[in-house]
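Here's the structure, in structure tokens; my notes come after.
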Amino acid sequence: MNAIETRDLSKYFRVSLRRKVVGLDRLNLAVRPNEVYGLLGPNGSGKSTTLKLILGLFQPSEGEAFIFGMSAERVASRVSVGFLPENPYFYRYLSGEETIRFFGRLCGMRGKNLEDKIDELLALVGLEAHRHRRLAGYSKGMLQRVGLAQALVHDPGLILLDEPTAGVDPIGSIEIRNLIIKLKQMGKTVLLCSHLLDQVQDICDRVGILHYGKMILEGEVKDLLARKDQFQFVSEGLSEPARAKVREAILKGGGRVVMEGNPETTLEQLFLQSVKQAEKTIQPGK
Amino acid sequence: MQTHPLRIYFSFGRLWTIARNTMTEIIRQKFFYILVIFAVVVLVSSRYFSQFSMQDLDQVKFVKDFGLAAIKIFGTLIAIVGAAQLLHLELENRTIYPILAKPVFRGEFLLGKYLGMIALLLLTTLMMSAIFGGVLFYTEHQLLATAGRGEMLPVGVGYQMATPEVVQQIIKQTRDPNLLKAIALIYFQFVIVSSIGLLIATFATSVIFNVIATVMIYLCGHLESTARQAWLGDPSPVTKFMLLIITFFVPDLSAFDIVDSVVLGQAVPLNLVIRTIGYGIFYSAIVLGVAWCIFQEKEI
């Protein structure tokens, strides 16, 4: 049974008496259990509409959505879903701990069971030190983390993350990425909507690209990105005469050297290395 | 693989969680603080204001009239503004998304918000009533002290000698159990006004529109019985139809106004009070039912 399944799921928005705009057009999506699925697309492509239909916040114009086999229109289906909205919208007057407790209670949790879960989640998202601070004083990254904690409070099998790293600095972004990887290891299924393609590439098993409400491309990340007509070696300590021999061997074998040079690191890796190095040598405020 | 229950049922636990959070939310808003502080100041200073009353020398009557009016005005303001913001803030700040993404029925959310609102109004009414009671007690204490000194007392339509009958009259007026009936009916006006505000919030797009529409209905509700009496003699079918529409849609809030009778020391039958409260609960339940139906279909 798929964690999410949509059958010809469509949503039209009426903009005037005669005119309707297509928000989502016959989407057939199947997210398998314990998979990290990336839903990509430009703004207005239908990603948020898809999430709202899966969460029952919108009613479909046509088609159906199912969560672990149950119609998404049924409130009981949400027992299995945790949702982190884009830009976390929570009560600013509650503390981090109170926020998780509020959502836990909504899920029917009480007493020691809930209190233990709050401790566990605050530790998981690294907010133990800020548990009594009101959300009004939280940074964007901290809000995302408390949002993730509330999404996980009732131990759902499916987690929907809408732009979980939007506005978060690279370190916070890496932490959230690591958390998603951890969720997969815990056996959860994750549907991730994001604009950060590098991150999606790193953590998603499969991706789907939406545009104008239609699924225009879908598949395994490895399959979609692999250039099957090319092959690459990365070597270390190879002298110039040895490189010349490699070029010669490629030509002899009927191939062609398309590119050579020093491989580049990513800006993200460079940023993280620099920050870690600075943390070792520079004392804050000195 | 995740398994979920085939069905979940309406939960009072979830209702209470949302209601309690709504109370916290309103309490932490500035308008609430300001209104409550202002109400306390007005109630406490009612004896001071009695000095400026040209027509009425009867201090007990003035304090009762002034106090009950203050409770009603401030409670109504909290009910109208609070109910107008209840849903609007949730939608504008999008705090409703993560809540409805949990296994929560929309009806539970709406009813929880409403219960939080009327529970807070109950607390506010009790608090204002306690202060009002304190001011009445103080007024009685002052008047009895004046009587003890053998001085003239400002009761009735002028100053009177402090005879045992006059002292008894003062005690009867300040400890009148009908005051509790008047406060109960004032509270149930808040209950009705909140339900109307919440109903309008399910389709209104701005707080201002909501406040204005609720105030209009509130005023119509107070004028309804006057209009009914004036129009009943009119044989025109248009007038009768108008009357029918207004009677059906607008609550008869004048039925809840027993303040004048209580201030004048007239007895109000308990039976009438219970019937009026029953009408208030019934009307609010119908309004909430309609709000529920609209909110159930609302795309968030």
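The table below lists the values:
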item: Nitroxide proxy distance, nm - points 7 Å out along Cα→Cβ at B:Phe38 and B:Leu264; result: 3.1 nm
item: P(r) of region B:14-128 over all Cα-Cα pairs, binned every 10 Å from zero, in whole percent; result: 13, 38, 24, 15, 8, 3, 0
item: Centre separation in Å (Cα based) which lies between region A:63-95 and region B:195-248; result: 39 Å
item: Pairwise Lys count, chain B - Cα closer than 26 Å, eight or more residues apart or different chains; result: 15
item: Relative counts (whole %) of C-alpha pair distances in region B:12-297, using bins that are 10 Å wide; result: 6, 25, 29, 21, 13, 5, 1, 0
item: Label-point separation, B:Ala145 to B:Ala285 (7 Å along Cα→Cβ), nm; result: 5.0 nm
item: Chain B: calculated mean residue ellipticity at 222 nm from DSSP helix runs of at least 4, using -39500 (n - 2.57); result: -25500 deg cm²/dmol
item: Among B:Gln160, B:Gln229, B:Gln266, residue whose mean-square fluctuation peaks in a GNM of chain B (springs only between Cα atoms under 10 Å); result: B:Gln229
item: Relative exposure of A:Glu115, B:Glu108, B:Glu297, judged by other C-beta atoms within 10 Å (fewest first); result: B:Glu297, A:Glu115, B:Glu108
item: Stretchable slack from A:Tyr12 to A:Gln230, in nm (0.36 nm times residue separation minus alpha-carbon distance); result: 74.2 nm
item: Estimated vicinal HN-Hα couplings, Hz - region A:171-181 in sequence order (Karplus 6.51, -1.76, 1.60; Gly, Pro = x); result: 5, x, 5, 5, 4, 5, 4, 5, 5, 5, 4
item: Gyration tensor (Cα) of region A:4-225, equivalent ellipsoid semi-axes in angstrom; result: 29, 20, 17
item: In order through region A:114-128: 3J(HN,Hα) via Karplus (6.51 cos²θ - 1.76 cosθ + 1.60), integer Hz, x for Gly, Pro; result: 6, 4, 5, 5, 4, 4, 4, 6, 4, 5, 4, 9, x, 10, 4
item: Contour minus Cα-Cα distance for A:His195 and A:Asp155 (0.36 nm per residue); result: 11.7 nm
item: Nearest 10 degrees, 0 to 90: helix A:140-152 Cα axis against chain A principal axis; result: 60 degrees
item: Pairs from A:Lys112/A:Lys182; A:Lys117/A:Lys214; A:Lys184/A:Lys214; A:Lys117/A:Lys222 whose Cα-Cα separation, in the structure shown, is over 29 Å; result: A:Lys117/A:Lys214; A:Lys117/A:Lys222
item: Along each principal axis, Cα extent of the protein assembly as shown, largest first, Å; result: 127, 71, 38
item: Degrees between helix B:59-92 axis and first principal axis of chain B (Cα, 0 to 90, nearest 10); result: 10 degrees
item: Ranked list, fewest to most other Cβ atoms within 10 Å of each Cβ, for B:Met23, A:Met142, A:Met259, B:Met128; result: A:Met259, B:Met23, A:Met142, B:Met128
item: Global form of region B:110-248, assessed from the alpha-carbon gyration tensor, a/c cut-off 1.5; result: oblate
item: Paramagnetic reach from A:Asp116 in region A:126-156 [backbone N under 15 Å; point 7 Å along Cα→Cβ]; result: A:154-155
item: In region A:6-65, trypsin sites (Lys or Arg not before Pro) in a DSSP loop with at most 10 other beta-carbon atoms within 10 Å; result: A:Arg18, A:Arg19
item: Residues A:Arg105, B:Arg7 arranged by fewest to most Cβ contacts within 10 Å; result: B:Arg7, A:Arg105
item: Residue of A:Gly141, A:Gly38, A:Gly237 that the Gaussian network model of chain A assigns the largest fluctuation, springs spanning Cα pairs under 10 Å; result: A:Gly237
item: Net lengthening on full extension, B:Ser206/B:Gln296 (0.36 nm per residue, minus Cα-Cα); result: 30.5 nm
item: Cubic angstrom per residue, convex hull over Cα atoms of region A:240-281; result: 97 Å³
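Values in this text are rule-based calculations from the coordinates and carry no lab data. Treat the numbers as computed from the prediction; the structure is a model and nothing was measured. Neighbour counts run over all protein chains shown; Cβ positions are idealised from the backbone, glycine included.
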